[in-house]
């Protein structure tokens with residue numbers, strides 16, 4: 001059964017395409033948007049905070065929430081590395097009469113799009129090229145060579161699914177991308 005409530009803006013992209021930066025900018029510029037904090041089973045990075053960036057759960061705690069049907073959607077992105085959207089998070093945002101903005105991977109984005117239907121606008125943030133994406137991943141200096149290669153392989157597959165989204169945003173220049181998508185999002189939120 002679908003939960004009742006407002007609208008959803010779903011941002012998906014290969015890792016390193018810039019979706020998180022764009023989402024944070026939109027949250028600052030559109031006060032009616034509220035960020036949906038996803039749950040995950042990975043360790044927090046040094047700059048990340050529980051309940052702000054993610055709900056960091058142990059693998060057992062994540063699996064318990066799966067068993068209790070507490071997720072709208074979830075997936076095992078890498079071995080023993082789970083991500084998901086908690087139903088309670090969406091209900092909380094909608095109870096505040098705000099629209100939800102998601103920052104999720106491609107499979108999660110498509111799952112959310114299917115779940116929310118016409119209430120959702122699904123946006124695929126596309127890097128200008130795989131080479132630029134690789135440069136962005138390397139410039140983060142947060143991951144091993146093996147993880148970078150894994151993310152590039154995954155990005156190759158994810159980019160083939162871009163046409164399944166409602167809107168493709170090429171992030172070549174951040175300011176241009178933010179202005180372009182802000183207009184699209186405001187138009188969607190204003191529609192009946």
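The values are calculated or read from the model by the stated rules, or taken from the named source; none is laboratory data. For clarity, every value in this text was computed on a predicted model and none was experimentally measured. Quick reminder, even Gly has a Cβ in these numbers, built from the backbone with ideal geometry, and neighbours come from all protein chains shown.
Suppose we keep only residues that are crowded, with 17+ Cβ neighbours inside 10 Å and assigned to a loop (DSSP other than H, G, I, E, B) within segment 43-68. Which one would you say is modelled with the lowest pLDDT? Full working, then the answer.
Let us first name the residues in segment 43-68 that are crowded, with 17+ Cβ neighbours inside 10 Å, namely 53-57, 62, 65.
Among the residues that remain, those that are also assigned to a loop (DSSP other than H, G, I, E, B) are: 53, 57.
Details: 53: 88, 57: 97.
Among them, the one singled out is 53.
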First in segment 68-93 and at positive phi and without any contact (Cβ under 8 Å) to a residue 60 or more places away in the chain, second anywhere and part of a loop (DSSP other than H, G, I, E, B) and surrounded by 14 or more Cβ atoms within 10 Å (Cβ to Cβ), Cβ under 7 Å, 6 or more apart: 80/41
Need the failing condition index for residue 36 against (1) in contact with a helix residue (DSSP H, G or I) (Cβ under 8 Å, 6 or more places away or on another chain); (2) surrounded by 20 or more Cβ atoms within 10 Å (Cβ to Cβ); (3) farther than 25 Å from residue 171 by Cα, just the number. (3)
All conditions in (1) surrounded by 14 or more Cβ atoms within 10 Å (Cβ to Cβ); (2) without any contact (Cβ under 8 Å) to a residue 24 or more places away in the chain are true of residue 144 except (1)
Name the pairs whose Cβ atoms lie under 7 Å apart, with the first residue in segment 150-166 and exposed (fewer than 14 other Cβ atoms within 10 Å of the Cβ), the second at pLDDT below 95, and 6 or more positions between them or separate chains? 156/130
Would you mind listing the strands (runs of 3 or more DSSP E) fully within segment 73-192 where at least 1 residues are modelled with pLDDT under 95 and out of contact with any helix residue (DSSP H, G or I) (no Cβ under 8 Å at 6 or more places or on another chain)? 81-86
